[in-house]
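The values are calculated or read from the model by the stated rules, or taken from the named source; none is laboratory data. Please read all numbers here as calculations on a predicted model, not as lab measurements. Note that each Cβ is placed from the backbone with ideal geometry, even for glycine, and that neighbours are counted across all protein chains shown.
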Number of protein chains: 2
Amino acid sequence: MTRAALNRSRAPVEEPTLETIRVPIADAFEQFQARWDDAFLCDVHLVGAVGAHLHRAFGKRFRPTLVLLAAKAFGAVDEEALLGAVVVELIHTATLIHDDSVDKSLVRRGLPTVNSAWSNDVAILMGDYLYSKAFSILVRARMYGAMDLLAEATHRMSQGELRQIEQRNRIDLTEAQYMRVIEEKTACLIAAGCELGAMAGGGASESQLALGRFGGAVGLAFQITDDLFDYLGAESVMGKAMGSDLEGGKITLPLINSLRNAPERDRRAMVDLIKNREFRNGHWSDVVRFVTEYGGVAYSQARSLELADQAESELKHVPDRDAREALRDAVHYAVTRHR
Amino acid sequence: MTRAALNRSRAPVEEPTLETIRVPIADAFEQFQARWDDAFLCDVHLVGAVGAHLHRAFGKRFRPTLVLLAAKAFGAVDEEALLGAVVVELIHTATLIHDDSVDKSLVRRGLPTVNSAWSNDVAILMGDYLYSKAFSILVRARMYGAMDLLAEATHRMSQGELRQIEQRNRIDLTEAQYMRVIEEKTACLIAAGCELGAMAGGGASESQLALGRFGGAVGLAFQITDDLFDYLGAESVMGKAMGSDLEGGKITLPLINSLRNAPERDRRAMVDLIKNREFRNGHWSDVVRFVTEYGGVAYSQARSLELADQAESELKHVPDRDAREALRDAVHYAVTRHR
């Protein structure tokens with residue numbers, strides 16, 4: 001999708017919402033929700049309580065939406081696609097819960113995180129519960145193809161998380177190093193989800209791989225957009241404070257790029273400001289000005305649009321027209337959403 | 001194995017050590033070690049560093065020993081058995097690392113825990129790395145039978161961990177509730193490991209199930225013995241302080257049984273002592289006297305010996321004599337070891 005294409009509105013919706021994107025899979029999405037709730041049926045009271053809390057802190061369900069659309073793209077949305085959608089969201093949620101515990105985040109989507117509403121202990125063990133529930137669902141349904149994809153993706157995600165810890169506060173982080181982490185942390189699970197959706201929908205092996213590449217590109221674009229929010233978002237919309245990435249030592253693309261572009265004097269001043277953590281006391285706006293003026297914001301937007309183009313090009317051979325359009329809208333959504 | 005049998009020494013070794021138990025699988029155990037180290041080959045530096053630390057804090061390797069012997073029991077120890085042993089130990093280690101983080105433990109086997117040597121963040125993410133590495137190894141080796149067993153076992157373990165949190169400081173815990181938690185937390189992984197060992201060794205379906213029951217009984221006996229150490233052990237031998245279970249709110253069999261047996265007045269006094277956490281200031285010896293005098297220690301020992309008998313009875317049809325003897329010794333070890 002070119003920038004021009006993004007600017008052309010597809011009437012009547014200027015920017016697609018997840019609700020409109022889900023129209024072709026509306027029934028399947030309802031069924032997904034029921035199976036999601038089933039994952040928290042457990043005689044340990046805590047599991048149900050955390051499940052109910054997660055239900056209130058209702059996520060965007062972006063990943064399951066893609067899994068279901070990837071199935072619809074090549075055929076019917078069957079039980080395998082539904083369970084695949086549940087499993088991908090379980091793994092994603094487990095990661096978020098462990099991430100929040102690692103980052104000591106108190107709020108997500110405007111509600112207390114599991115570590116703050118309960119404790120770090122419960123966050124660690126609920127994350128483990130959700131990961132293992134995901135794999136237990138897959139073996140019970142004998143979905144070994146999905147298992148192959150998701151075992152690898154989950155392992156790569158854990159490597160990405162550790163790599164990110166290792167790279168904390170590394171102000172000299174390169175774009176390639178940044179891209180590698182977001183590929184591991186975010187893109188590989190979305191890629192696996194889209195690939196398994198296409199597999200469940202009966203897509204040929206080549207189509208499965210194309211949808212995998214689609215998911216990978218969408219995932220990168222999605223994460224770059226997310227990282228932009230940390231500089232440009234408003235807390236009321238995002239449900240989290242701006243600057244929290246930098247606060248947590250995460251060096252992301254807008255900053256990496258502006259540090260590369262800025263004249264030496266300004267670059268050094270910014271490095272000092274960050275090292276001395278002056279962005280915490282009144283100098284946050286200097287950081288935002290720096291990433292804007294030296295092109296980091298524009299570059300990140302351009303990169304995410306390039307990746308969106310790349311994702312869209314993988315949809316050429318999708319036979320189902322509704323699913324294809326909805327997947328295109330999902331790409332659009334990933335790079336234009338406001339939260 | 002009856003108590004009388006336990007008292008009969010099998011010359012020349014009074015109490016079997018893991019080294020003597022491993023004699024029939026000595027070569028395989030060497031190969032296991034090499035494959036274990038491979039699991040930490042990763043371009044994220046932290047993974048290798050934590051791996052080296054875990055290597056120093058060398059565990060007993062009780063679980064992989066059982067997996068390899070269970071394979072030898074029915075045939076040769078092949079690549080599948082070796083990887084099965086690695087995967088079971090990876091899952092066990094992941095659980096220990098998350099447990100130590102949950103319990104805020106500072107020392108394990110005389111060395112700093114991952115959460116104390118690094119941080120809780122690293123402990124959470126390294127645990128995730130090891131879990132996901134385990135499943136990644138299984139899918140790469142296309143070991144789907146082992147996957148079925150271990151996905152279920154891992155999920156049950158996570159339920160047991162949450163159940164244990166929910167039951168913290170529940171002084172009215174019943175023996176049945178206690179047994180359920182140790183079945184989930186400890187026994188089900190050992191059961192799965194022995195079953196997959198027998199499967200890898202080419203044992204018939206019935207033999208696999210028998211070894212699974214063997215492992216389950218050994219696991220329960222092992223954990224009851226472990227929980228006894230918390231009352232009877234010496235810190236210098238155990239590498240952890242006595243009383244740490246009670247400190248962490250874990251009510252275990254010696255106490256449960258003595259609370260059932262004690263006269264009402266003494267029972268109430270002990271409940272008050274524990275609720276007021278007086279065992280922390282000079283009253284720990286009162287607790288030890290209580291669990292000894294009211295039979296909780298003797299009862300726990302008897303239960304673990306009963307389970308040892310039960311485990312041994314599952315070995316009747318094991319064809320390989322050396323492996324059968326070594327598995328018997330392993331049962332003996334589980335209930336007589338001093339750490």
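Annotations for the structure displayed:
- Considered as a group, the residues in the stretch A:160-169 that are surrounded by 14 or more Cβ atoms within 10 Å (Cβ to Cβ) and more than 7 Å from every other protein chain (Cβ to nearest Cβ) include one that is nearest to the chain's Cα centre (by Cα), and that residue is A:Gly160.
- Those residues of the stretch A:141-159 which are part of a helix (DSSP H, G or I), more than 8 Å from every other protein chain (Cβ to nearest Cβ) and either out of contact with any Cys (no Cβ under 6 Å at 6 or more places or on another chain) or not hydrophobic (A, V, I, L, M, F, W, C) (or both), in sequence order: A:Gly145, A:Ala146, A:Leu149, A:Leu150, A:Arg156
- Test: residue in the stretch B:48-63 that is of a type outside the set (Asp, Glu), in contact with a Pro (Cβ under 7 Å, 6 or more places away or on another chain) and within 26 Å of B:Lys316 (Cα to Cα): no
- Of the candidates A:Val67, A:Val50, the single residue that is farther than 24 Å from A:Ala334 by Cα, part of a helix (DSSP H, G or I) and hydrophobic (A, V, I, L, M, F, W, C) is A:Val50.
- Filtering B:Ala210, B:Ala200, B:Ala298, B:Ala217 for residues that are farther than 21 Å from B:Asp172 by Cβ, without any contact (Cβ under 8 Å) to a residue 12 or more places away in the chain and surrounded by 14 or more Cβ atoms within 10 Å (Cβ to Cβ) leaves a single hit, B:Ala298.
- Some residue of the stretch B:245-255 being polar (S, T, N, Q) and outside any loop (DSSP other than H, G, I, E, B): no
- Single residue of B:Asp266, B:Asp245, B:Asp272 found to be among the acidic types (Asp, Glu) and either surrounded by 19 or more Cβ atoms within 10 Å (Cβ to Cβ) or in contact (Cβ under 8 Å) with a residue 60 or more places away in the chain (or both): B:Asp245
- Here B:Ser132 clears all of (1) surrounded by fewer than 22 Cβ atoms within 10 Å (Cβ to Cβ); (2) among the polar types (S, T, N, Q); (3) modelled with pLDDT of 95 or more except the condition numbered (1).
- Some residue of the stretch B:78-91 being under 23 Å from B:Gly233 (Cα atoms) and either within 9 Å of chain A (Cβ to nearest Cβ) or not β-branched (Val, Ile, Thr) (or both): no
- Residue selected from the stretch A:3-42 under the condition of a type in the set (D, E, K, R) and in a loop (DSSP other than H, G, I, E, B), by the criterion modelled with the highest pLDDT: A:Arg22
- Total residues in the stretch A:119-135 satisfying the condition of being within 23 Å of the chain's Cα centre (by Cα) and either closer than 11 Å to B:Thr154 by Cα or more than 8 Å from every other protein chain (Cβ to nearest Cβ) (or both): the figure is 9.
- Among the residues here, A:Ala176 qualifies as part of a helix (DSSP H, G or I) and free of Cβ contacts under 8 Å to residues at least 12 places away in the same chain.
- A:Ala191 falls short on exactly one of the conditions (1) surrounded by 21 or more Cβ atoms within 10 Å (Cβ to Cβ); (2) free of Cβ contacts under 8 Å to residues at least 40 places away in the same chain; (3) more than 10 Å from chain B (Cβ to nearest Cβ); (4) more than 18 Å from A:Gly216 (Cα to Cα), and that condition is (4).
- In the stretch A:53-64, the residues that are outside any helix (DSSP H, G or I) and either modelled with pLDDT of 95 or more or surrounded by 14 or more Cβ atoms within 10 Å (Cβ to Cβ) (or both): A:Ala57, A:Gly59, A:Arg61
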